[in-house]
1. Would you mind telling me which numbered condition in (1) within 26 Å of residue 35 (Cβ to Cβ); (2) in contact with a His (Cβ under 7 Å, 6 or more places away or on another chain) residue 235 fails?
2. For segment 264-280, give me the residue count where each residue is free of Cβ contacts under 8 Å to residues at least 40 places away in the same chain, surrounded by fewer than 21 Cβ atoms within 10 Å (Cβ to Cβ) and part of a helix (DSSP H, G or I).
3. When the residues of segment 294-314 are filtered to those that are modelled with pLDDT of 90 or more and not in a strand (DSSP E or B), which remaining residue is surrounded by the most Cβ atoms within 10 Å (Cβ to Cβ)?
4. Looking at segment 321-367, which of its residues are surrounded by 10 or more Cβ atoms within 10 Å (Cβ to Cβ), in a strand (DSSP E or B) and aliphatic (A, V, I, L, M)?
5. Give the number of residues within segment 165-201 that are crowded, with 19+ Cβ neighbours inside 10 Å and aliphatic (A, V, I, L, M).
6. Only one of these conditions is not met by residue 374: (1) touching a Ser or Thr at 6+ places or on another chain (Cβ under 6 Å); (2) acidic (Asp, Glu); (3) not in a strand (DSSP E or B). Which number is it?
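The values are calculated or read from the model by the stated rules, or taken from the named source; none is laboratory data. Keep in mind it's a predicted model, so treat the numbers as computed, not measured. Because the Cβ atoms are built from the backbone with ideal geometry, glycine has one as well, and the counts that use them run over all protein chains shown.
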Amino acid sequence: MWRLTLFLLALVYAGTGYTADWYETRGWAPIINGNVEAARERAIENALRESLDLAGGTVHSVEDVVNGVLTGQRLQWRSNGAIEHASLVRERTNGQRHEVTLRTLVRPNVNACEDHGVKRSVLITPFAVAQREHLAHGQVYELDAASSFRFSRLVGQHSQSLIVSQTLPSDPGLTRYLTGNHTEQLADFTRRQAREFNSQYIIAGVFHDISATPQPGPRLLFWRHPKYNRQFELSLYLLDGYSGERITTASITGEADWDYPYNAAVDVHSELFWRQGFGQELEAKMRDLVYGLEQKVQCTPVKGLVVRASDGAIHSNLGERQQLSIGTRARILHRGGFLDELGQYREQWVLNPTELEVTQVYASSSELRSVSGEPLVGIQARDMVILQ
């Protein structure tokens, strides 16, 4: 199946005139319940992901995740380089895991947006659980915090456009606005949180389902407990830290064997948990969410705020952490507003005519000056900096 998918992609992109690059990557997956073929497919998938990461890649089917639900078990691939060819160099079973090495030929995608290398900062809040009684089986009461921490690691590993400014240890209360009809309160709260943690975006999540159910089968003796499956439904919300608006909602679902004794208290923070069936399935689907969110933000402008202004220079909250470099050009937007025909206040941004250039970069801030040398008039703290 994966060979056919790659062959079709090769036909689509064979006519482009851009030079392709070869990558050799490795992938592995644990063998669960003796199923070597399933481990082999997952290992190949992981090796392909590594190739696409090197080429700034994304998963094609995740477009369906960003505004819907990902339920399919097969993935197609595309990237800033489309995979034209893939061959299996070697594979082996090593103890309880299967390992593969792939060689892939990747061609640049001419439709990829221009990127100046500066990353957009994102604040990640702990995931909420809609029905906390679901956590009783296995005593996984910290699965929400462990999952959000794991997700933040995936963003750091796989996103080319986002950088995690902070992962909060406790829910600041954002989800109560997300799950209810509180649009104005959500916008105000989002802007305050983003300003406090210097973040362009905020990601929040809610587990709508994390329940465990007995596996179907013949009735067991009364003193023996049945085996269980555990399912999940997780929704992530991407919020604009400056407007406070909800940009998109992405949902994933999945199910896996719950390979633990009935009365076990499972350590969801351990690496072992994330390498076994359920943890591995959840992490794989969260990785797909990272790729989907990457597609959503990779062509959006990088934004920051003015933190101090004078006639000669301004200072912004963008710096080395976002990989900002000297010489980057920027413009200033002033926050304003107007009353519409119904008398409702509408926020708007007004463009300042002066073009700026980054002249100094510090760890978490930067200095910008006018390109023409003219005085900077009318710029004040909390105006928006937008990179060009």
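1. Checking residue 235 against (1) within 26 Å of residue 35 (Cβ to Cβ); (2) in contact with a His (Cβ under 7 Å, 6 or more places away or on another chain), the one that fails is (1).
2. Total satisfying the criteria: 2.
3. 302
4. If the condition is that a residue be surrounded by 10 or more Cβ atoms within 10 Å (Cβ to Cβ), in a strand (DSSP E or B) and aliphatic (A, V, I, L, M), then 330, 332, 333, 350, 351, 356, 358, 361 are the ones that fit.
5. Within segment 165-201, residues that are crowded, with 19+ Cβ neighbours inside 10 Å and aliphatic (A, V, I, L, M) number 4.
6. That leaves (1) as the condition not met.
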